Structures are given as structure tokens and as C-alpha cells.
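The values are calculated or read from the model by the stated rules, or taken from the named source; none is laboratory data. If you're wondering where the values come from, they're calculated on a predicted model, not measured in any experiment. Note: ideal-geometry Cβ built from the backbone for every residue, glycine included; neighbour counts use all protein chains shown.
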Amino acid sequence: MRADIAVVGSGLAALVATRTLQQAGRNPVLIWPGLTSLYFTYATVDVLGYSDLTATQPVEQPEAGVAQLIADHPDHPYAVAGLDALRSGTTLLIEWLRAAGFSWQGSLAHNLLLPTAIGTPKPSCLVPDSMAPGDLRRDEPIVFCGFHGYEDFVPELAASNLSRSWGRGEGSVRAIRVSLPGFDASRLFTSIDLARSFEDKAFRQEVASRIRREISVDGHRLGVPAVLGLTHDSDIHSSFATQVGHPVFEIPTLPPSVLGLRLFDRLRKHIQESGVEMIWAAPAHEAEVSDGRCRRIFLKSAGREQPIDARAYVLAIEDTVDGALRAGVHTVVDPFFRQSLAHHAVPTERTDESLFKPQPFASIGYPVTDRLQPSDDAGRPLAGNVFVAGGAIAGYDPVGTKSRGGLAIATGYRAAKEAMAA
């Protein structure tokens, strides 16, 4: 198969790169290796939540924070992509979300501070409307609402933790639980089960009625698990808040993320309907390189090997989520150029025993040139027409600094621009 520019990846970086190419009038093909990282994400766009891995105070102004990060660390992927790429890519994404029917809030000027499912504050830059009322910069008391039989959200835990870090006095944070019509509390059910049920108007009205009986005082806002519908979430959120009689905000819980499902499914559908060709469930596993350029890549597709010949390639792969990097006992190798990206005496060197400390594996990836080309140990491009975006770039921990979304946008946008010029 021949293509203009091939984008390989299954996350936000791949989507931003593809949209950038499409908006520029190019004819990209999007190669989707498999499971998308968006199903596992918080489904907000985090540009910069913390200035470094040791910071305890969140960044209030993400654009200014990124500018300072670039000044302090000129080899950081944000510095390679550039602040202009972040600005332009963010504008492109916001316009795309609007065109795809999403209602989101936020800008690069200020972070929102949202409670997580365990009651810790999390800085985010761009968020769905259904999450925005949870912003902890507001002073209204919060009631966390859980559902009997639903074990992926424990409102008592969220209330206990948040009251210690944010509480505005006695009674400013509390927890309730209500039963759900048609659900047996002795049987476990999932976020997807609830999201489908919340599509039903009568179900929502009954749940809202039960919640109203538990909240008799005005002026509170209600935090619920992110289960307010799969396909008509904006209408469901606004109508449910009206029925409850209080501002309502959603809180992402354990994967699969309903918010991530909404985001991926709608953007995927929108980009396909706009004419972009997608190749599904076809991991790219090898590149053919000659004279300093990638001539083709090979996909594992339906029991056979499928070659893709393109003028340029964007590798917007998401580290280990979509099988981008191959980890052996001692080495981590990329699937295209067979480069050793990391070496460890024992596999446990890739992780820290504490889940809450920086994980060494998070910073494993491709070293890149100043044009985001994958490079060898001497800094030479492995192929002049291949560009890397997203989580497979080496040298940073997007989870610890809460910057995965912003880096996906900036590197996806910049890689697409470089691919067009290759």
C-alpha cells in the first residue's frame, strides 16, 4: 500500500498528528496498532501539573510553566517540540473537539484543580464540561456520591482524603451512597453498565430523586463516578444536574475509562467520516531503511505481512500500551530499527518498589534529534523521514509531572509539520 504520510499510533499524539496533516490538506493514513491508551487515561489534557518529579505544589499557569521548563531543561521533549507547537496544537485540538461535538473547558493560561477518585487534587488544563464543576479553586462544599454495589468508587475514601488537603471547615466534604433502580447491590457491576443505564431518562430521574433525599441543604456540589452516559453525555450531564438540583461533576474511576471511551470513539468516528483512512489492529514491527531514509514499514495484519510505502512516517506510539517497545530480560528494543533503548542488569531496575515514586521505565524511549527524528547514540538520525511523537520519546516522565496530554499535542503537531517538510 502506498501513502502520502503514515501515522503509527493509538493515542492522542497519533490523533493530533493525523488531524494536523489532514487540516494542512495532506492525505495521511492512520495505522492503529491495537489497544488505545485513551481507554486508560484520566481523559483530561494535562499540559504541566508539576514543575518536576519532586514538586508538591501544582503549576497554576501551564503555558508559563512549560516556558520555564524549556529554559531550565533545553533537552526536554517540550523544548524540542517548542512552545509554538504546544500553542498551535492546543488550538487545533480545541477546535477539533468542538467540531466533533464535545463541550470542554480550559486554556493554557490556567490549570483547573480536580479531585480524583481517591480524593487527591489533580491539576488539569483542558477538561470536559462534566468535570469542571469539581474545580477545587471554588469554595462550595462537596458531596461525593457512590452507588451500592459499585466498587470502583469509594466516596468515603475520597471525602476523607480531600477533607484533609482541601476542606473548607467542618462539613465541607462528605460522602453518601444510594442504591440504583434495577441493580442488585450484592452483584458487582461496571462503569460501562452504569453509563448505559444513565442513558435512560427514567433511570436518571429515579437516581436524582434518591440523591435529593440525601442532600437537603442548598449550596453543595455533587461528585459522582464518570458514568453519565456513553454517547449523549453532555445532555445527560446537564439534565441530571437539573434533576438533582445541585452542580454535578464527574470523577474518572478505574479503567476502562468511560470518559476515555467517549473521547476516543467520537474523535475516531469524526476523523474517519472526514475521509482519513485507518488500518486497524495492525502492529508495525519493522522498517526498511536505505540511504538514510525509511522506504517502507511492515505491518502484521490478518495473518500476513503488509508493507506500507510512504513519503514520511510519524511514530506516535505510546510506549508499552500499544506494544511499541519490546522489553526483554536485560534490554528494551524498538520494533522498527532494532535499537537497544535501555539496558538493565535485572528487570527490576526498571521499576521502583513504591507505586508513588518515579518509575524508571517511564522515561525509556527513542532519543531524538532537534527535528524529532529517532537517533543513534551519536545523535545521527536513524532515518531522515521518520519522526517520533508521544510517549515513546526518551528522557521524561509524563505521569509524574502530569504532562502526558500536552507533550502528545506538542510533539504530535511538530512531528506532523516535520513530516510534511521531509
Only one of Ala324, Ala345, Ala281 is hydrophobic (A, V, I, L, M, F, W, C), modelled with pLDDT under 95 and at positive phi, namely Ala281
request  = Test Val258 against the criterion of being buried (at least 19 other Cβ atoms within 10 Å of the Cβ), under 28 Å from Arg137 (Cα atoms) and in contact with a helix residue (DSSP H, G or I) (Cβ under 6 Å, 6 or more places away or on another chain), and give yes or no.
outcome  = yes
Picking from Val217, Val227, the residue that is of a type in the set (A, V, I, L, M), more than 27 Å from Leu92 (Cβ to Cβ) and touching an Asp or Glu at 6+ places or on another chain (Cβ under 9 Å) would be Val227
Considering residues that are in contact with a Cys (Cβ under 7 Å, 6 or more places away or on another chain) and of a type in the set (Val, Ile, Thr), the number found within segment 78-132 is 0
Of the residues in segment 284-294, those that are surrounded by 15 or more Cβ atoms within 10 Å (Cβ to Cβ), among the charged types (D, E, K, R) and either at pLDDT below 95 or in a loop (DSSP other than H, G, I, E, B) (or both) come to Glu286
Checked His270, His237 against criteria (out of contact with any Pro (no Cβ under 7 Å at 6 or more places or on another chain), buried (at least 20 other Cβ atoms within 10 Å of the Cβ) and modelled with pLDDT of 90 or more); the one match is His237
* Asked: Any residue in segment 92-109 that is among the hydrophobic types (A, V, I, L, M, F, W, C), touching a Lys or Arg at 6+ places or on another chain (Cβ under 6 Å), surrounded by 18 or more Cβ atoms within 10 Å (Cβ to Cβ) and more than 27 Å from Asp233 (Cα to Cα)?
  -> no
Counting only residues that are of a type in the set (Gly, Ala, Ser), under 26 Å from Ser124 (Cβ atoms) and either modelled with pLDDT of 95 or more or more than 13 Å from the chain's Cα centre (by Cα) (or both), segment 15-54 contains a total of 3
It is to be established whether one or more residues within segment 273-281 are over 30 Å from Ala383 (Cα atoms) and in the same structural domain as Leu35 (by TED's automatic domain parsing). yes
If we keep only residues of segment 246-267 that are charged (D, E, K, R) and farther than 23 Å from Leu315 by Cα, then the residue modelled with the lowest pLDDT is Arg262
Reported set for segment 295-312 where residues are more than 12 Å from His285 (Cβ to Cβ) and either surrounded by 13 or more Cβ atoms within 10 Å (Cβ to Cβ) or not hydrophobic (A, V, I, L, M, F, W, C) (or both) is Arg295, Arg296, Gly303, Arg304, Asp309, Ala310, Arg311, Ala312
